[in-house]
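Everything on this sheet refers to the single structure shown next.
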Amino acid sequence: MNIVRVALDLPLPRLFDYLAPDAVESDVGRRVTVPFGKGLRTGVIVDLATASEQPDAKLKEVAAILRDMPALPAEWLALCDFCARYYQTPLGEVTSFALPPMLRRGKLPRIKKPAAKIAVSPAPTFNAVHQPPLPRLMPAQQAAVSAIFDTAGFHVMLLHGVTGSGKTEVYLRAIDAVLARGGQALMLVPEIALTPQLEGRVAARFPAAHIVCANSGMADAARARGFLEAHAGRAEIVLGTRLAVFMPMPRLQLIIVDEEHDASFKQQEGLRYSARDVAIWRAHQSNIPIVLGSATPSLETFHHASTGRYTMLELPERAVAEAMPAVRIIDTRREKLQEGLSAALLAGLQSRLDRGEQSLVFLNRRGYAPVLACPPCGWISRCRRCAANLVLHLADKRLRCHHCGFEARVPRACPDCGNVDLLPFGRGTQRLEAMLVERFPQAHVLRIDRDSASTPKKWQALLATIHAGEADILVGTQMLAKGHDFPLLTLVGAVGADAALFAADFRAPERLFAQLMQVGGRSGRADLPGEVLIQTEYPDHPLYQALIDHDYVRFAQSQLGERRIAGFPPFSFQAMLRAEARSMEQALAFLATARKAAEAIADGVTLYDPVPMRLQRLMTLERGQLLVESLSRPALQSFLTAWMEQLYALKMPGGLRWHLDVDPLEF
């Protein structure tokens, strides 16, 4: 009796057995349509068996085994299995997440070849004859390229280079060597916005190569086609955001993770995985080298490189510009600011206008103002669904919640007392843009945030305007902080950065340092000298002093020293159990029950008390969390596996949802 074990997209930690009389061993890894409940579902066959724990009478027969594409390889199934075990997520949810939406629905995109002819291709012969001339490498770049070339088997390398040091050129040389050997290369970037720019650069370097992009902003059919091209071995280079780590590549020989420190590599819903960490496991699985690149590595990665677990490759100098931009700290304690801008920053903007150069004012807060308020009675614009304020977007006269998306019109008068003089407090990019337009009427001020660049087409149009020199002053959020080369940009002014210095999240200083170093690195990347002005009320803070000297190592060592004393990662390992319910009492009661169930098995694990989350209400649900910590990763994983069995067995009140986040980045 042939039985197939199927992984289905269900929140249940088990596989489902079905009768399949015509199933053969080569069907493992194929998609299959099976009856479930009153309908049909598409899953993936992960194993064949001759007997089932279920009674024969209860076994249903598969509706169809989909043989219209090659079976997903054993390596892909093993990758999904690792994610299921490490991130404590049902295998069916992982396999479903790892497939493009069209394939998980049991469909195929339209392709040039008939479906029956989709097959794995042999390694192509890469034609490098018509490649464009290559730029000359600096000695540190050449040393890094040689180190990657000379690496055989699994090896993790941290390419630590200052902004503008030519990390991308090192990546391209490494990819060139892979293509010459008939292999495939996978390159991950943190943001969708960076993919088209990188694709253009890679395509220019390798005009004969077949390049596939993968990100969540693509149409379903395009994502599915790219997946099939990579799976068949026809795609030599795959570029993408975090989901691209699941692309099947039969001849994969190199993985690159650019801006490896970026929090965007961590999925925050569903399968809560770190694409960087999964990429490292995949490199180990395939016995190939992986390069992690960053000017400001995550403290975990820097610690591993400092202790010899990873190999450190240093790029200490800029590849094009003669020097790093000069960083100046503007003490705002005794200065009257003009709409949040200091006299020194305003003077710097004017001097760049006079010289025909570009400036960037960086404020990582979109909208016009963080809150609209009524001073006489104390009313403020709060979201009715979240424990957050509605942000004023004056351009379209709306109040918006940046957490749940709720919108409302700007009231003509205070809803509580009728006062018509409502005031915006604080400032966002829209307010800063309005001030700069008024202050510099002769300048073209261009705002770049998720409101102005809401679609890929708008984003590309904004970038084209900047590169054409048609924008004088840019006002932007973190969208402009990394991955961009603007030759005319010589001044960066950072506004409103102090809040992160005293945040409750122990990772906040690390994120702030990375953000400021990245955005500062946008200036002076060509032959014009750059300058960075940082406004602060804490000019003597060690973080800012390290920025002045461009000394990431000093900052990282200081932070690691504090974390070692506090027992924070990378000196401990964490998981967070979160619960959402109609009331906070329900959420905390569930977490208390979960904690009590864990006490008997918490060997080598510390259990903290359940507490409300920092944003305790989101989309009308109250949220609580329970932190679990251990000095041993194996001990934590062993505990989580046993604990999850108990959690699935708990009875929950209606409307309560819970999930586990392993290696959480947000608290």
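Of all the criteria given as (1) touching a residue at least 40 places away in the same chain (Cβ under 8 Å); (2) in contact with a Leu (Cβ under 8 Å, 6 or more places away or on another chain); (3) surrounded by fewer than 17 Cβ atoms within 10 Å (Cβ to Cβ), the one not satisfied by Gly604 is (1). How about the range 145-249: which strands (runs of 3 or more DSSP E) wholly inside it have at least 1 residues that are touching a helix residue (DSSP H, G or I) at 6+ places or on another chain (Cβ under 7 Å) and free of Cβ contacts under 8 Å to residues at least 60 places away in the same chain? In the range 145-249, 211-214, 237-240 are the strands (runs of 3 or more DSSP E) which contain 1 or more residues that are touching a helix residue (DSSP H, G or I) at 6+ places or on another chain (Cβ under 7 Å) and free of Cβ contacts under 8 Å to residues at least 60 places away in the same chain. For the range 37-50, the condition holds for at least one residue, the condition being that it is hydroxyl-bearing (Ser, Thr, Tyr) and at pLDDT below 95.
In the range 612-636, the residues that are within 28 Å of Gly405 (Cβ to Cβ) and assigned by TED's automatic domain parsing to the domain that holds Ile601 form Cβ pairs under 6 Å with partners that are small (Gly, Ala, Ser) and not in a loop (DSSP other than H, G, I, E, B), at six or more places apart or across chains, as follows: Pro612/Gly624; Glu622/Ala581; Glu622/Ala587; Gly624/Ala579; Gly624/Ala587.
Based on this model, can you work out whether Gly29 counts as in contact with a Pro (Cβ under 8 Å, 6 or more places away or on another chain), outside the structural domain of Asn287 (by TED's automatic domain parsing) and either of a type outside the set (A, V, I, L, M) or in a loop (DSSP other than H, G, I, E, B) (or both)? When the stated conditions are applied, Gly29 passes them.
Would you mind listing the strands (runs of 3 or more DSSP E) fully within the range 310-396 where at least 1 residues are buried (at least 17 other Cβ atoms within 10 Å of the Cβ) and over 30 Å from the mean Cα position of the chain (by Cα)?
On the way: elements: 311-315, 326-331, 358-362, 371-373, 391-393.
In the range 310-396, the matching strands (runs of 3 or more DSSP E) lie at 326-331, 371-373.
Mind checking which residues of the range 417-467 are among the charged types (D, E, K, R), assigned to a loop (DSSP other than H, G, I, E, B) and touching a helix residue (DSSP H, G or I) at 6+ places or on another chain (Cβ under 6 Å)? Within the range 417-467, Asp449 is the sole residue that qualifies. Scanning the range 72-90 for residues that are without any contact (Cβ under 8 Å) to a residue 60 or more places away in the chain and surrounded by fewer than 21 Cβ atoms within 10 Å (Cβ to Cβ) yields a total of 3.
If you go through the range 49-77 and pick out every residue that is farther than 17 Å from His231 by Cβ and either within 36 Å of the chain's Cα centre (by Cα) or assigned to a loop (DSSP other than H, G, I, E, B) (or both), you end up with 11.
Residue-wise test of (1) aliphatic (A, V, I, L, M); (2) within 29 Å of Ser165 (Cα to Cα); (3) touching an Asp or Glu at 6+ places or on another chain (Cβ under 7 Å).
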residue	(1), (2), (3)
Met324	yes, yes, no
Lys336	no, no, no
Gln358	no, yes, yes
Leu363	yes, yes, no
Pro370	no, no, no
Cys377	no, no, yes
Ala395	yes, no, no
Arg400	no, no, yes
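Consider Asp258 against the criteria (1) crowded, with 24+ Cβ neighbours inside 10 Å; (2) within 13 Å of the chain's Cα centre (by Cα): it satisfies all of them except one. Which criterion is unmet? The single condition Asp258 does not satisfy is (1).
The values are calculated or read from the model by the stated rules, or taken from the named source; none is laboratory data. Fair warning: this is a prediction, and the values are worked out from it, not measured in the lab. Neighbour counts are summed over all protein chains in view; Cβ atoms, including those assigned to glycine, are modelled from backbone coordinates with ideal geometry.
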